[in-house]
Each structure stands twice: as structure tokens, then as C-alpha cells.
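**Q** Below are the C-alpha cells for one structure; questions will follow.
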Amino acid sequence: MIDDFFPSDKFYSGTKSTSLPPRDEIEKKYKWELTHIFQSEELWEKDFNWVEQRIDKYKEFEGTLSSSAYNLLECLKFDNETNIKLEKLHLYAMLAKDSDLRVPKYQALNDRINGLVTKVNAADSFIRPELLSIPAEKLQKMIDSLDELKIYQHFFEDLLRAETHTLSKEQEEILALTGEINMIPYDAYSMFTNADIKFSKVKDENGNEIETSHARFYAGMYSKDREYRQRIFKSYLSSYKNYINTFTALFNGNLKTNIFVAKARRYNSAREAALDRNNIPVSVYNNLIDTVNKNLEPLHRWASLKKKLLKVDELHPYDVYVSLFHSKSERKYPYEEAKEIVKEALKILGENYLFSLQEAFDNRWIDVYETQAKRNGAYSSGPTYGVHPYVLLNWADLINDVFTLAHEMGHNMHSYYTGKLQPYLYADYTIFLAEVASTFNESLLLELMIKKSDSKNDKLFLLEKYLNNITSTFYRQTMFAEYEMTVYDKTEKGIALTPDILSEIYKNIYQRYWGTEMVINIEEKYTWARIPHFYYNFYVYQYATGFAASEVLTQKVKNEGKPAVEKYINFLKAGSSDYSLNILKSAGVDMTSPVPVLATTQKMNDLLNEVDRLIGS
């Protein structure tokens, strides 16, 4: 799963409803088609049993990998075949569960596949340490002696890179057995926040009593009615405050789980362990946070301008997203119209890209509308070899949804091209690369809409959207990354993180990023408890690095034309066939340098200058 972006409220059939529709009221064409993965649950069970029956056969390969190139190849092929099936099983179970989190049958499928993943990981855990026991020179000779093994060259290079953090066969097997246990904090958090948490009712802008929900909270942050924004803000976050001890226990469990695994693998920190999976030096993370902290002035400037244009005595967190400028762009955007807008924005990428995009739209790769107990937010399922990727949305006819569609289809096309054009071994890409394609699409969409705007107000509205993108995807995610770094550092130093400490850390970082113009409501302190990405183990910084990289690539495509487009499409096709930093460098971006980060902060200043010019004219 790639991400959980910015969901918003849903207007079913164009009218606001006080309750969400059941899934069976949604037209079939707006629901994903899971038979593309398995025609029936009986076939899912058949493949589940097929994988289960292969587990014991892994023992036949133990101790044989160094004996011949043929034995090595057969083991790797056996493992690949098993994992291809396993990933399809997992995809089906995840999508079925997320369609309606109340259905016990799908919860059971998900639990069973998680258990099977743990068993397979334990069974194949001997492979890495056994490969690492083969002298590098001998391993290279084995690769050179058999043509079918040559495709594994980068795989083996990456394996050898991680040699110091790979344990003995017995230790690897034990660590693999902890896999299912390690998922408990996130699984419990996800079930609690998506299905069990109780939200109060509030009065909306029209005085109607509605039940607070995740999507309605996000939509409420865009409401013109400030009192309603405040009401739903307090209602939503108060629910997290009410359960803050539970969220603290789950969060601490997650931190300690990741720290345990990092220590077991002899890393200096959980952060180093998380980044090393993609061969990203900790210096890249530090560069992002340090460079952003030295360039907070554009965000402070934006806060000051918001306060001025909103004509409020105090700027509060619930004022961050509401539009400052009136525009026809604030109208409703039906899903069908939004698809056409996105296609027009992306036509610079060529006919083949647009053909693939249309294939996704026409063949039910996307689950569009919010329904009862459906997983909130938005995500792309990511690459699953042999199956097209899927997208989850919670459509609300807002302009924000149009950008979410562009964002998730960026992921979707990245996954599609990688899965189609790379062998299974490299038919995936790192999370470090994942957010590049998504934010790249958003930037092209925004450029199109700004270009087509025919009035000063429209242009201001879209410039504001661009500024909010930088705020939420670049500055906010860096702020989250700094929070994550801070709480891990404290835990690794033996400091107990109580609800008050976790909340105070978040408040202080939030205040520093937004500056003195922001007055923080007590409820905002508990925002850390609602962020699912904090359970993804140093994920969020990649939103910011991805955004910075995509800004550079967008300008290259616009300014350089076909050569830059070809490099970008090659980037989408590259999968994990090389290290992430190298793949980005081939596309034209060096993320080891502060230059892309500085380019993004300068872009925000340039946009603010344009806003100042327009409102002053």
C-alpha cells in the first residue's frame, strides 16, 4: 500500500447526507473489481492452500545454495513463485477488508494471510544468511556461469550491502516468527480508529445535526463557516483525547517493536534501520529537516498572510485549509468530470501514458465513494506482480478530490509500468520513490488549472492551492518526520513517553513550524494520535523528499520537453532495478543535495510574491 492521502467528505449523488450509504447502493462501475485478482473466494482458498503446502519444501533447499549455480537458481525461482502467489492473496484480502471493515469474513481472510506471510518468512529466512555465507568471488562466478542468474546481479549486490545486518539462520528464523506480533500495534490502531472509535455529533453549516467522521472532519476544515470548522475540529480531536491513553500504549508499542528489530539487526537506531532498507543514508533525512528548519520563513509568511486575509485576531489550526479567495473553482467536481481534467493535465506525458490511465478508469481499478465502514482516506495498493494496481478513494466532489485522484493515479501508473515491464525481482519500487510520481501529477494538474484560469480570483484560488500543497506535503510532512525522529530518539535513550510528553513534543514542533502567528488549540496537541503514517516506520519524510524531487522533474518536463518526458517515463519503469538515489539521479534529481529542498522553499516564496502582486493590483 502506497499511502493514505488527504480524504474529504462525501456528497452522495450530489446531495449531502447525514448518514453514509451502504456499499450495495453504489453503482458497480464505481467499485473496484476484485475478480481481477481471484474469480472467487474458492480460488483464493486454493492458492492459500498451495502456498501453505509449499512451506515445508523450503527445507529441501537448505544447505544446497553454494553447491551449484543451478541449485541457487532453483531456490530463488521457488521463492519467487511462492511470494507472487502470497502477494496476490494479500492484495485480495486487504481490499476486501477495506471495502467494509465490519465484515468478519474479510477480517479473517486478512488475519489468515498475515499469519501465512509470517510462516513463509520463517521458512525462507535461511536464504539470506546462506547466500551471505558464500564468498563474494564464488557467488559472482556462479552468477556468471548461468545466464538465468545474471538478472539477480543487483539483488545480490544489495544483499551483500546488508551483510553486517543479516543474522544467522537460526536468528533470522526467530526474527521472522515475530512478524505477526510486530503488526499488532498497527492492526489494533487501524481497527480502533477506523471502526471502533466513537465520534460525537455536531451541527453543520446549515444547523443539521451530523455524525462526525474522518471524511467530514477533513471536509469541515475547508468550510467557510468558521464556527462550524471550530466545532468539528474540537469534536473530532476530542475523541482522540478521550482515548489518549489507549493511543499512547499502541504508539509506544509500535516504537518499541521497531527499535527491537533495529537492535536485533545491529543498527545504531530504528531510523538508520528503516532508511537502510532502501540504501538511503541518514544524512538525507537530516538534510531535509535541517534545510527546512533554516527555511521556515515562507511558511511563517503564509501564516501571516492567512491571518490578514481571513481578518481574524488569532490564526488557529482549523483556519489552515479554508480557502482565502472566492472562485468558481470552488464548485463541485463530479468524479466523471474530474477524470477528464486529470487526463488533460497529464497529456504532456504522451499517448501511451494516457492509454494506460484510461484503462484504469474503464476497468474498475478504482473504488470511488465513501460508504459505511469503508476504510477512510485514499491509497494506491502498489505493485502486485501479475495483477494491475488498485486505488481507494472517498469522493466528495471537492476540488481537493480532483487532486487526490491525480495523486493516486500517479502511484497507480508508477505501479502499473513497474509491474508490467520489470521482472518480479524488481517489479516494485521503494517508498522513497513512491511519492515522486504522485506529487508530480498534482503539480501538472495545478499548472494546467492555473494556466486555464480566466480571472484574478481564479488564479489566486489556484495559487493558494499550490501553497497549500507545499504546506501539507512538504512542510507538514517534514514536521511529522521531525516529530517521529524526536520520539524515537527519546525512546532509544530510555525516556518514557507519556500522553503529556507525546502531546507537548508535537505542540512545540507545530508551533515552531507555523511561527508566532499560530495560536494552538489544546485539541491540536493530540493530532499525533490520529496519524496512521507514524505506524509506517519512518515513512513520512519521503512525502517531503518526493515532493521536492517532483517539483524539479515537473519543471524539467515543462522546460525540456520530450527528452525530460522520456527520462521520467523511464523512471516510472525502473522499479527497484537500481538504488533509489541512482534512479532519481538518472531522471535528473540529486536528493543527497539540499538543492531540491531549497528549490521548493524558493518556489513557495515565488508563489507568495505572485499572490502579493495580484492582491495588490
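Bear in mind these aren't lab numbers, they're just calculated from the coordinates by the rules spelled out. The shown structure was predicted, so the numbers you read here are calculated from the model rather than taken from an experiment. When we count neighbours, we look across all protein chains shown, and the Cβ atoms used for this are built from the backbone with ideal geometry, even at glycine.
**Q** Which of the peptides 536-549, 172-185 is most tightly packed, and how do the rest follow, judged by the mean count of other Cβ atoms within 10 Å per residue?
**A** My ranking of the peptides, most packed first, is 536-549, 172-185.
**Q** Lys29 versus Lys585, label points 7 Å from Cα toward the beta carbon: distance in nm?
**A** Calculated label separation equals 4.8 nm.
**Q** Pairs of alpha-carbon atoms within less than 8 angstrom and 6+ residues apart define the contacts here; what relative contact order does region 35-185 have, in percent?
**A** 28
**Q** Take Phe192 and Asn49, extend 7 Å from each Cα along the Cα→Cβ direction, and tell me the distance between the two endpoints in nm.
**A** Label-label distance for Phe192 and Asn49, simple model: 3.9 nm.
**Q** Okay, moving on. Could you calculate the contour length gain from Lys105 to Asp362, that is, 0.36 nm times the residue separation minus the distance between their Cα atoms, to one decimal place in nm?
**A** 89.6 nm
**Q** Tell me the angle of helix 541-560 to the major Cα principal axis of the chain, expressed in degrees between 0 and 90 and rounded to the nearest ten.
**A** The helix 541-560 is inclined about 80 degrees to the chain.
**Q** Working from Cα positions, state the angle (0 to 90°, nearest 10) between the long axis of helix 595-616 and the longest principal axis of the chain.
**A** Helix 595-616 and the main axis of the chain meet at about 20 degrees.
**Q** For region 339-397, which chymotrypsin sites (Phe, Trp or Tyr not before Pro) are in a loop by DSSP, counting at most 13 other Cβ atoms within 10 Å?
**A** none
**Q** Convert each backbone phi in region 396-413 into a coupling constant with the Karplus relation 6.51 cos²θ - 1.76 cosθ + 1.60 (shift: θ = phi - 60°), then list the ³J(HN,Hα) values in order as whole Hz, x for Gly and Pro.
**A** So the Karplus estimates, Gly and Pro as x, are 9, 6, 9, 4, 4, 5, 4, 6, 5, 4, 4, 4, 5, 6, x, 4, 4, 5 Hz.
**Q** What is the magnitude of the charge dipole of region 339-478 about its Cα centre, with +1 placed on the Cβ of each Lys and Arg, -1 on the Cβ of each Asp and Glu, and no other charges, expressed in debye to the nearest 20?
**A** 140
**Q** Stretched out fully, how many nm does the piece from Asn242 to Lys567 gain, at 0.36 nm a residue minus the Cα gap?
**A** Taking Asn242 through Lys567 to full extension adds about 112.0 nm, to one decimal.
**Q** Treat each spin label as a single point 7 Å out from the Cα along the C-beta direction, and report the Arg512 to Glu227 distance in nm.
**A** 3.8
**Q** Now for a separate question. Report, in deg cm²/dmol and to the nearest 500, the calculated mean residue ellipticity at 222 nm for the chain, where each DSSP H run with n ≥ 4 adds -39500 (n - 2.57) and the sum is divided by the residue count.
**A** The helix contribution divided over the chain gives -19000 deg cm²/dmol.
**Q** Now, a different point. By how many degrees, between 0 and 90 and to the nearest 10, does the Cα long axis of helix 351-362 differ from the longest principal axis of the chain?
**A** Here the helix axis deviates by roughly 80 degrees.
**Q** Go through region 444-516 and name the trypsin sites (Lys or Arg not before Pro) that are in a DSSP coil and have 14 or fewer other Cβ atoms within 10 Å of their Cβ.
**A** Lys493
**Q** Separate question: May I ask you to list the residues of region 411-447 whose amide nitrogen lies under 18 Å from a point 7 Å from Cα along the Cα→beta-carbon direction of Lys558?
**A** 436-447
**Q** Another question, if that's okay. Rounded to the nearest 0.05, what FRET efficiency do Asp489 and Asn293 give with R0 = 25 Å and r taken as the Cβ-Cβ distance? Could you check?
**A** Efficiency at R0 = 25 Å is approximately 0.95.
**Q** With a Förster radius of 35 Å, plug the Cβ-Cβ distance of Glu137 and Asn286 into 1/(1 + (r/R0)^6) and report the FRET value to the nearest 0.05.
**A** 0.45
**Q** Here's something else I'd like to know. Show me, for region 90-104, the HN-Hα J-couplings you get by feeding each phi into the Karplus relation (A = 6.51, B = -1.76, C = 1.60, θ = phi - 60°), rounded to Hz, glycine and proline as x.
**A** In residue order, the calculated couplings are 5, 4, 4, 5, 5, 5, 5, 4, 5, 5, 7, 6, 8, 7, x Hz.
**Q** Work the Kirkwood hydrodynamic radius out for region 50-102: mean of 1/r over every pair of different alpha-carbon atoms, inverted, in Å.
**A** Taking every pair of different Cα atoms in region 50-102, averaging 1/r and inverting gives 12.9 Å.
**Q** For Gln39 and Leu614 in the same chain, what is the full-extension length gain: residue separation times 0.36 nm, less their Cα-Cα distance, in nm?
**A** 201.4 nm
**Q** Related question: In debye, nearest 20, what is the charge dipole magnitude of the chain about its Cα centre with +1 on Lys and Arg Cβ and -1 on Asp and Glu Cβ, if you could check?
**A** 1380
**Q** Would you please give the FRET efficiency between Val519 and Arg331, computed as 1/(1 + (r/R0)^6) with r the Cβ-Cβ distance and R0 = 22 Å, to the nearest 0.05?
**A** For Val519 and Arg331, the calculated efficiency is 0.10.
**Q** While we're looking at this one, here's another question. Identify the residues of region 79-93 with backbone N under 13 Å of a label point that sits 7 angstrom from the Cα of Glu148 along the Cα-to-Cβ direction, or state none.
**A** Answer for region 79-93: 79-81.
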